[in-house]
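Peer 1: Sharing a structure, written as structure tokens. Questions coming.
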């Protein structure tokens, strides 16, 4: 199940899966590293069609503002 990111400190940790909605599709990321309020996102290899080797570095406000969702295990 996916829930909107509202509290990064409680919801987002290393290896968390995040997704963002892009038009009618979703792009999924894995949190590779956390430094204070800097979250290093890399494309999820399970859902990425290409072998992109880049990382995005976003802070909590950016994750919330961009409408990221975090995967929550039931």
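The values are calculated or read from the model by the stated rules, or taken from the named source; none is laboratory data. In this text the structure is predicted, and so the values were computed from the model without any measurement. Ideal geometry is used to build each Cβ from the backbone, glycine not excepted, and the neighbour counts take in all protein chains shown.
Peer 1: Quick check, is residue 27 on the phi < 0 side of the Ramachandran plot and loosely packed, with under 11 Cβ neighbours inside 10 Å?
Peer 2: Working: on the phi < 0 side of the Ramachandran plot: yes; loosely packed, with under 11 Cβ neighbours inside 10 Å: no.
So residue 27 does not fit the description; no.
Peer 1: Step by step: first the residues of region 44-60, then only those that are out of contact with any strand residue (DSSP E or B) (no Cβ under 6 Å at 6 or more places or on another chain) and within 17 Å of residue 22 (Cα to Cα), then the one that is modelled with the lowest pLDDT. Which residue is that?
Peer 2: Filtering region 44-60 for residues that are out of contact with any strand residue (DSSP E or B) (no Cβ under 6 Å at 6 or more places or on another chain) and within 17 Å of residue 22 (Cα to Cα), the one modelled with the lowest pLDDT comes out as 50.
Peer 1: Kindly indicate whether residue 63 is at pLDDT 95 or above, outside any strand (DSSP E or B) and either surrounded by fewer than 16 Cβ atoms within 10 Å (Cβ to Cβ) or within 12 Å of the chain's Cα centre (by Cα) (or both). Even if it seems obvious, please write down each step before you answer.
Peer 2: On the way: at pLDDT 95 or above: yes; outside any strand (DSSP E or B): yes; either surrounded by fewer than 16 Cβ atoms within 10 Å (Cβ to Cβ) or within 12 Å of the chain's Cα centre (by Cα) (or both): yes.
Considered against the rule, which asks whether it is at pLDDT 95 or above, outside any strand (DSSP E or B) and either surrounded by fewer than 16 Cβ atoms within 10 Å (Cβ to Cβ) or within 12 Å of the chain's Cα centre (by Cα) (or both), residue 63 comes out as yes.
Okay, residues lined up against (1) part of a loop (DSSP other than H, G, I, E, B); (2) touching a helix residue (DSSP H, G or I) at 6+ places or on another chain (Cβ under 8 Å); (3) touching a residue at least 24 places away in the same chain (Cβ under 8 Å):
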position	(1), (2), (3)
9	no, yes, yes
14	yes, no, no
28	no, no, no
41	no, no, no
47	yes, no, no
